[in-house]
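Worksheet: one structure, shown below.
The values are calculated or read from the model by the stated rules, or taken from the named source; none is laboratory data. Computed from a predicted structure; not experimentally measured. Backbone-built Cβ (ideal geometry, glycine too); neighbour counts: all protein chains shown.
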Amino acid sequence: MAMLETRTAPAAHGADVITDTEILLIDNETGYRSFRAGQFLFRRDEYFARISWTGGNHTMPIDAYLRALMRDVAWGFFYGTVNFDDVVGTVNHYGEVTLFAGRYNDAYRNAGRDFSQRFASEALMPLFKVMISDWSNENYDPFAAPMETGAPWGAKNGNNDAAVTRTRVAARRMVGLPGDTPLRTDENGFPVNRMFLDVPQDQPVVEAEPGFENEVSAYNLFAYLSRSDVTWNPSVCSVVGDSLFCPTSEEFTLPVDHGNDRCEWFITLSDKIDWDIRDKETGKPRAKVITKAGDVSCMPADIRHKGYADKRAMLLVWENGSPIIPALIAKGEAPNVSVIF
Amino acid sequence: MSYKTQFGSLRNYEKGAVVLIDDNPKNYVFSNVFEVANRSAPYERVAVAKNFEYVIEVAKAEDTSPWFSCAHDEFVLCMDGEVEVHLIKLDNPAAHVDSASQGAHLLDCEPEGRKMGRLILRRGHQGLLPRGAAYRFHAELPGCIMLQTIVGPVTVQKWAEICQTV
């Protein structure tokens, strides 16, 4: 059924870093391709993603798998650990990435059944991009809330590359400044979301004296968020050094359990978002954080979190994107908690 | 089905909570911006989030603030009310704020420089406070602002007063 079709070129990494990935041929029954990354094999059928590796295998409902894979692709493996579910996921080493099965699952770890391989990011990411393209059917958008998109089930039926190739928007200074990320409007393809129809769309008064048009600037962030066409996909809206304001709109569930490698902060700007907090290493429950408009909470660096929002909500994710943090983490000098009091 | 978006305000907000299973609530540094602003003096810049040197400050906007300046960009997000921002391009920024310094500084005199302009921000509006400028806020009625900046001399840290501890 599956045969070698393409192979990635080797890259300059350590001997233990894998660059060997394959895009396999189309399955005659389902119409989907399979994929191999090192010793991991990925197949999909009408309902499930099936992942196997040396000594084990795992099955995920295809809707949950595609929503998780979509975030991992769009976020460039993001910060830290992206758990697709309790078994499978990735850890970002910033240039290299670990693909794991059971690494952050107490039962797998204690039984010695976990399995991991470390890849060059430039080898695994292209494979994941082809996978999300091939496995997402026409009319199914893994970025969208479930009520706003078609179904992912069934045999291969077209594609939705326009949806799955969207990436994180990243302002360099602030949204709306000349030459920076533009505002969202009806005209440029961002209508107000059905759950945010009551959000005021007024713009601030901006009176700039001649010569200061590039510095006297403001925009309606809440209106901007009300027009987001994706969920659980933070976009950078303002930048102070490495301090990144990354607001996002949230509906249904965060498709992954995110185990950040640094502290991050959540400020709920509207409505209500509930968070399940579990230990990053073991997955044991530690807390629930119930947040309403105006609530501020820190996500420690030693947890994994998953969010839930019934009504579409606005969330300000605040990240410190400093490139020195991974080195601090490696030396054990990065704190698990941002503030001690 | 119609939906109602729930924002908070100084007068009307509901606060969530950390519900513990097996953890210390202090790890989550949980607070609410409207509660913090309500309990603070006007333009007291209270840190509600901190990540290494970076900080998010919350202030109650009421009447006219002192003049501030900063050696790097800052951003203000209006969370409630209507807040004016007056901006002046300082003739000599380094005379007021060391160019290598971090965070907002209070100016001890009226700023000298060209008028840059004015912003009027309402709920949800985010504005740039550009580096090297002097700025002050004015609000006819109490409002709430949030500032993206770096810890500096006007940053007030009173975590035990504002955060859930049990």
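Details
- Test result for B:I120, within 13 Å of another protein chain (Cβ to nearest Cβ), β-branched (V, I, T) and surrounded by fewer than 18 Cβ atoms within 10 Å (Cβ to Cβ): yes
- Which numbered condition B:H125 misses (of (1) surrounded by 23 or more Cβ atoms within 10 Å (Cβ to Cβ); (2) out of contact with any Pro (no Cβ under 6 Å at 6 or more places or on another chain)): (2)
- Candidate set from segment B:40-94 (those that are free of Cβ contacts under 8 Å to residues at least 40 places away in the same chain and either within 11 Å of chain A (Cβ to nearest Cβ) or among the charged types (D, E, K, R) (or both)); member that is nearest to A:N320 (Cα to Cα): B:N51
- Of the criteria (1) more than 7 Å from chain B (Cβ to nearest Cβ); (2) over 23 Å from A:L183 (Cα atoms); (3) in contact (Cβ under 8 Å) with a residue 60 or more places away in the chain; (4) not charged (D, E, K, R), which one A:S249 fails: (2)
- Among residues of segment B:87-117, those that are touching a Cys at 6+ places or on another chain (Cβ under 8 Å) and of a type in the set (D, E, K, R), counted: 0
- The lone criterion from (1) among the hydrophobic types (A, V, I, L, M, F, W, C); (2) part of a helix (DSSP H, G or I); (3) within 16 Å of the chain's Cα centre (by Cα) left unmet by A:A144 is number (2).
- Meeting the requirement of 1 or more residues that are without any contact (Cβ under 8 Å) to a residue 40 or more places away in the chain and within 9 Å of chain B (Cβ to nearest Cβ), the strands (runs of 3 or more DSSP E) wholly within segment A:265-341 are A:272-279, A:285-292, A:295-299.
- Considering (1) without any contact (Cβ under 8 Å) to a residue 40 or more places away in the chain; (2) at positive phi, the lone condition that A:Y94 does not fulfil carries the number (1).
- Number of positions in segment B:141-153 that are part of a strand (DSSP E or B) and in contact with a Gly (Cβ under 8 Å, 6 or more places away or on another chain): 6
So that you can scan it fast, the table gives a plain yes or no per residue for (1) under 16 Å from A:A64 (Cα atoms); (2) surrounded by fewer than 16 Cβ atoms within 10 Å (Cβ to Cβ):
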| position | (1), (2) |
| --- | --- |
| A:L127 | no, no |
| A:P142 | yes, no |
| A:G158 | no, yes |
| A:A162 | no, yes |
| A:V169 | no, no |
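- Criterion (assigned by TED's automatic domain parsing to the domain that holds A:T21, touching a Ser or Thr at 6+ places or on another chain (Cβ under 6 Å), crowded, with 18+ Cβ neighbours inside 10 Å and of a type in the set (G, A, S)) met by exactly one of A:A74, A:A49: A:A74
- For segment B:41-58, the set of residues classified as of a type in the set (G, A, S) and either within 26 Å of B:P111 (Cα to Cα) or over 13 Å from the mean Cα position of the chain (by Cα) (or both) consists of B:A41, B:A47, listed by residue number.
- Of all residues in segment B:130-148, those satisfying the criterion of being more than 16 Å from A:G294 (Cα to Cα), in contact with a Ser or Thr (Cβ under 8 Å, 6 or more places away or on another chain) and facing chain A (nearest Cβ under 10 Å) are B:G132, B:A133.
- Check on A:R227, more than 10 Å from chain B (Cβ to nearest Cβ) and among the basic types (K, R): yes
- Of the residues A:V239, A:V206, A:V256, A:V192, the single one that is facing chain B (nearest Cβ under 8 Å), of a type in the set (V, I, T) and touching a residue at least 24 places away in the same chain (Cβ under 8 Å) is A:V239.
- The requirement of being of a type in the set (K, R), touching a residue at least 12 places away in the same chain (Cβ under 8 Å), surrounded by fewer than 22 Cβ atoms within 10 Å (Cβ to Cβ) and facing another protein chain (nearest Cβ under 10 Å) is satisfied by B:R114.
- Sole exception among (1) surrounded by fewer than 19 Cβ atoms within 10 Å (Cβ to Cβ); (2) modelled with pLDDT of 95 or more; (3) over 20 Å from A:D161 (Cα atoms) for A:L25, by number: (3)
- Residue count, segment B:1-39 (criterion: over 22 Å from A:S338 (Cα atoms), more than 7 Å from chain A (Cβ to nearest Cβ), outside any helix (DSSP H, G or I) and modelled with pLDDT of 95 or more): 5
- Qualifying positions in segment A:114-127 - free of Cβ contacts under 8 Å to residues at least 60 places away in the same chain and assigned to a helix (DSSP H, G or I): A:S121, A:M125
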